[in-house]
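J.: One structure coming up, written as structure tokens, with questions to follow.
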Amino acid sequence: MDSNAKHLINIYEPFTCKQLIKESTHVTASTSAIVDHISKTYPRNIAEVVLISLSDHFMVFCVYKFEGSILKDYKAIKTRRMKNVNEQMFLTVIASINWIRAHGQTSDINILVSNWSTLISSVIEKHAPVQEMPAGL
């Protein structure tokens, strides 16, 4: 076993990960190797691993299986519709914010980020308010 394989095993083992690709994903006239990885701690949630040969390097993907509806526990979905936002008006409001006054006299990064987030969120809320839609639509 080469050092790269040992290194990969050292990564996988503590998390009980399983490599789901069992076939070579790079095949030439003289060599073949598994060069792609799909690993999962709960492989039973993977319905299928698919290899598609288009060249000497296969395309690799997996199909994840869901039991029941993903939305079954949700009564409503919250969303923002940005489609009808007046971009110029939005940018004008952002440009008009006094950012120096907004951060005050502090150099505390947590306060600065919180103030910035509050200001940006209020502008976004004004131009694209959150809407609730019934789940499953």
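J.: Exactly one condition in (1) under 27 Å from the mean Cα position of the chain (by Cα); (2) free of Cβ contacts under 8 Å to residues at least 24 places away in the same chain; (3) assigned to a helix (DSSP H, G or I) is false for Gln88; which is it?
T.: Checking Gln88 against (1) under 27 Å from the mean Cα position of the chain (by Cα); (2) free of Cβ contacts under 8 Å to residues at least 24 places away in the same chain; (3) assigned to a helix (DSSP H, G or I), the one that fails is (1).
J.: Can you tell me which residues in the range 93-131 are of a type in the set (S, T, N, Q), surrounded by 10 or more Cβ atoms within 10 Å (Cβ to Cβ) and not in a helix (DSSP H, G or I)?
T.: Thr106, Gln131
J.: Hey, among Glu48, Glu67, Glu23, which residue is charged (D, E, K, R), touching a strand residue (DSSP E or B) at 6+ places or on another chain (Cβ under 9 Å) and modelled with pLDDT under 80?
T.: Glu48
J.: Moving on. How many residues are more than 18 Å from His26 (Cβ to Cβ) and of a type in the set (S, T, N, Q) when one looks only at the range 36-60? Reasoning before the result, please.
T.: Our first condition is that a residue be more than 18 Å from His26 (Cβ to Cβ); within the range 36-60, this holds for 40-48.
From the residues that got through so far, the ones that are of a type in the set (S, T, N, Q) too are 41, 45.
Here the count works out to 2.
J.: Moving on to the next point. Output the residues belonging to the range 13-27 that are surrounded by 15 or more Cβ atoms within 10 Å (Cβ to Cβ) and within 23 Å of the chain's Cα centre (by Cα).
T.: The answer is Cys17, Gln19, Leu20, Ile21.
J.: Got a number for residues in the range 99-124 being of a type in the set (A, V, I, L, M) and on the phi > 0 side of the Ramachandran plot? Quick ask: steps written out before the conclusion?
T.: Going through the range 99-124, the residues of a type in the set (A, V, I, L, M) turn out to be 100, 102, 109, 111-113, 119-120, 123-124.
Next, only the ones that are on the phi > 0 side of the Ramachandran plot stay: none.
Selection size over the range 99-124: 0.
J.: Here's something else I'd like to know. Given (1) assigned to a strand (DSSP E or B); (2) surrounded by 14 or more Cβ atoms within 10 Å (Cβ to Cβ), identify the lone condition not met by Ala47.
T.: (2)
The values are calculated or read from the model by the stated rules, or taken from the named source; none is laboratory data. Bear in mind that the values here come from a model prediction, so they are computed numbers and not experimental data. Every residue, glycine among them, receives a Cβ derived from its backbone with ideal geometry; neighbour counts consider all protein chains shown.
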